[in-house]
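Chemist: Here it is, the structure in full.
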Amino acid sequence: MVFCVGMQQSEDVLKVEHLIKRYGTTLAINDISFSIPRGQFFGFLGPNGAGKSSTISCITGTARITEGSIAVDGLDVVNEYKEARKKIGISPQEFNVNIFEKTEDIIDYMAGYYGLRKKQRTERVSHLLDRFELTEHREKAFRELSGGLKRRVILARALVHDPELLILDEPTAGVDVEQRHALWKYFRELNEAGKTIILTSHYLEEVELLCDRVVIINKGKIASDRLRTEFEKDDKTLEERYLEITKGETY
Amino acid sequence: MNWVGLYTFIRHEIKRMLRVFGQTILSPLISATLYIFIFGFVIGGRIDLIAGIKYITFVFPGILMLNIISSSFAHSSSSVFFARFVKSIEELLVAPLSYFEIVSGYVLGAVARAFIVAFGILVVGIFFDAVTLYHPFLFILHVIAIAIIFSLLGILIGLWAKNFEQLGAINIFVITPLTYLGGIFYSVHMLPAKIQFLTYSNPFFYFVDGIRNSMVGINEANTIVGFSIIVGLIIFLGILVIHLFKIGWRIRP
């Protein structure tokens, strides 16, 4: 499937086809399909329990797919999971780290898991520590860091192997306004450099500001799929449209 | 094979173990020293020869095995359970590591800990003149094999346990009794003939016997049965644990 972004045609980095996810008898995702072309900044919205996190978990491999298929850069995430995972970087909403580990080690181990050798790893980790202003905190255990610093460690970890597809699940939660603006700037730079980004956020202004395209999921189904150019022409704000679709459910 | 990834994971496991050195290395060394001193040296000094050897020399392989079992089991079970508890297991699940590589990382980390503890206890044993090594190669093979079995079992329990109580329960109610009843401190021939079958049907007896044979050159169990149990358990538990990771049992909803 090929999407048109502006005048440029681009291949799909992510292709989700007829995805169904059940937890026991609960249907979390009800047959959704979408594709994300290379270089797109993709906003993924929905109320709590709508199926956003389940979709992301199925993409990254932290949840099993009930039915359907997901391909990252043409690689099936189940049958070719090792190669597919090299293409994905995930910054999850929850801090899924060993809180006793040092900042530097958390990033360094992840680099190792992705197969980066020592020299390459040292350079990459130093660069990311520097980029996220974590150098002075490199020896601190994760539990000793503030909320904003923890978020930056998670982001650095997601970027350590320079993934094709970066998934940012609430990347600015718990981050102060100044740092949030700095992160937005950085996300834009990454996107401009060609990285495909999926962003889920409870801050709709963040999505409106950054994303080329916004998909709203509700009750396991895609309720809206619009390009930025379309919602810019709209007389309604993203928030108004969002509330209309979700009928005011909490987000 | 992602060799760098596997090496990194083993490095991670060893570093985690060394971060709590007192708990992972020092504690079993102190406990083993007490066992050797009290059961082997103090009480053993007043016990006649068993199977023609000093009591301290007879019990030492069992004490060593007890600590190999507890170290390897504790390492992998706590590592898997804690990683599930704080969700850091997702670091492995999203990484380009195969399930075989993940299980190998846990196992090799646990084997490394068992080796360090075993080496420390050997040094203590040498100090008490309790160590003999009849078949060094067989001894190393047994240490590795037993550590692999219990690290695999530890992974299984780490995946299964829903809380800390369940995590400890298997060790308290299954592993410890079977280990003690496996002939660490006694010869099977000391038991009344009618209940000897209980020891013979305890797989832990074959672990103790294998290590004892490699160290002091005597064995009470059938070597082929012992070898089959050890190899069979490694294969069975290995396949089971890799399969559980593959289907995401209790780690991937």
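No value in this document is a laboratory result; all are computed from the given coordinates. Computed from a prediction, not measured in an experiment: that's the story for all the values here. All Cβ positions, even for glycine, are placed from backbone atoms using ideal geometry, and neighbour counts span all protein chains on display.
Chemist: Over 29 Å between Cα atoms: which of A:Lys52/A:Lys233; A:Lys87/B:Lys246; B:Lys15/B:Lys54 fall into that group?
Modeler: Those over the limit are B:Lys15/B:Lys54.
Chemist: For peptide B:15-28, compute the average count of partner chain beta-carbon atoms within 10 Å of each residue's beta-carbon.
Modeler: Per residue, the average neighbour count from other chains is 1.
Chemist: Give me the aspartates and glutamates in straight-line cross-link reach of A:Lys21: C-alpha distance below 12 Å, same-chain residues under 8 apart excluded.
Modeler: Correct list for A:Lys21: A:Asp31, A:Glu67.
Chemist: Amide H to amide H under 5 Å from A:Ala28: which residues, 5+ apart in sequence or cross-chain, H placed 1.01 Å off N in plane?
Modeler: A:Lys21, A:Arg22, A:Tyr23
Chemist: Short version: ³J(HN,Hα) in whole Hz for each residue of the stretch B:109-118, in order, from phi by Karplus 6.51 cos²θ - 1.76 cosθ + 1.60 (θ = phi - 60°), x for Gly and Pro, what are they?
Modeler: x, 5, 5, 4, 5, 4, 5, 4, 5, 4
Chemist: What share of Cα pairs, in percent, lie more than 25 angstrom apart in the stretch B:3-247?
Modeler: 42 percent
Chemist: Rounded to the nearest 500 deg cm²/dmol, what is the calculated helix-only ellipticity per residue at 222 nm for chain B, with -39500 (n - 2.57) per DSSP H run of length n ≥ 4?
Modeler: -22500 deg cm²/dmol
Chemist: Projected onto the charge dipole of the stretch A:8-103 (+1 at Lys/Arg Cβ, -1 at Asp/Glu Cβ, origin at the Cα centre), which of A:Val72, A:Phe42, A:Asn98 gives the Cα projection farthest towards the positive end?
Modeler: Checking the options against the dipole of the stretch A:8-103, the answer is A:Asn98.
Chemist: Of A:Lys247/B:Lys162; A:Lys118/A:Lys140; A:Lys82/A:Lys185, which ones are farther than 29 Å apart at the Cα?
Modeler: A:Lys247/B:Lys162; A:Lys82/A:Lys185
Chemist: Pull up all non-local amide H partners of A:Gly43: gap of 5 or more, or a different chain, and H-to-H distance under 5 Å with H placed in the peptide plane.
Modeler: Residues meeting the amide H criterion: A:Leu199, A:Asp212, A:Arg213, A:Val214, A:Val215.
Chemist: Report, please, the projected area of the protein assembly as shown averaged over directions, based on the convex hull of its C-alpha atoms, in nm².
Modeler: Mean shadow area of the hull around the Cα atoms is 26.9 nm².
Chemist: Positive end of the dipole of the stretch B:3-247, charges at C-beta (+1 Lys, Arg; -1 Asp, Glu), about the Cα centre: which of B:His12, B:Leu156, B:Val188 has its Cα farthest in that direction?
Modeler: About the Cα centre, the residue reaching furthest to the positive side is B:His12.
Chemist: Determine ³J(HN,Hα), in whole Hz, for all residues of the stretch A:220-230 in sequence, where each value follows from phi through the Karplus function 6.51 cos²θ - 1.76 cosθ + 1.60 and θ = phi - 60°; x replaces Gly and Pro.
Modeler: Couplings: x, 10, 6, 9, 7, 9, 9, 7, 4, 4, 6 Hz.
Chemist: Using the Karplus curve 6.51 cos²θ - 1.76 cosθ + 1.60 with θ = phi - 60°, work out ³J(HN,Hα) for each residue of the stretch A:190-195 in order, rounded to whole Hz, and write x for Gly and Pro.
Modeler: Working through the residues one at a time gives 4, 5, 5, 7, x, 6 Hz.
Chemist: Taking every residue in B:93-102, how many Cβ atoms of other protein chains lie within 10 Å of its Cβ, on average?
Modeler: Taking the mean over all residues of the peptide, I get 6.
Chemist: From other protein chains only, count the Cβ atoms within 10 Å of every residue's Cβ in A:112-122, then give the mean. Display every interim value, and only then the final one.
Modeler: On the way: counts 10, 16, 8, 9, 3, 2, 1, 0, 1, 2, 0.
Average neighbour count from other chains, rounded to a whole number: 5.
Chemist: So, one more: For chain A, what is the calculated [θ] at 222 nm in deg cm²/dmol (nearest 500), taking -39500 (n - 2.57) for each run of four or more DSSP H residues and dividing by its residue count? Working shown, then result.
Modeler: On the way: 9 runs with 91 residues, N = 251.
Calculated from helices alone, the mean residue ellipticity at 222 nm is -10500 deg cm²/dmol.
Chemist: List every residue whose amide H lies under 5 Å from the amide H of A:Gly68, counting only residues 5 or more places away in sequence or on a different chain, with H placed 1.01 Å from N in the peptide plane.
Modeler: Those lying under 5 Å, H to H, from A:Gly68 are A:Ile20.
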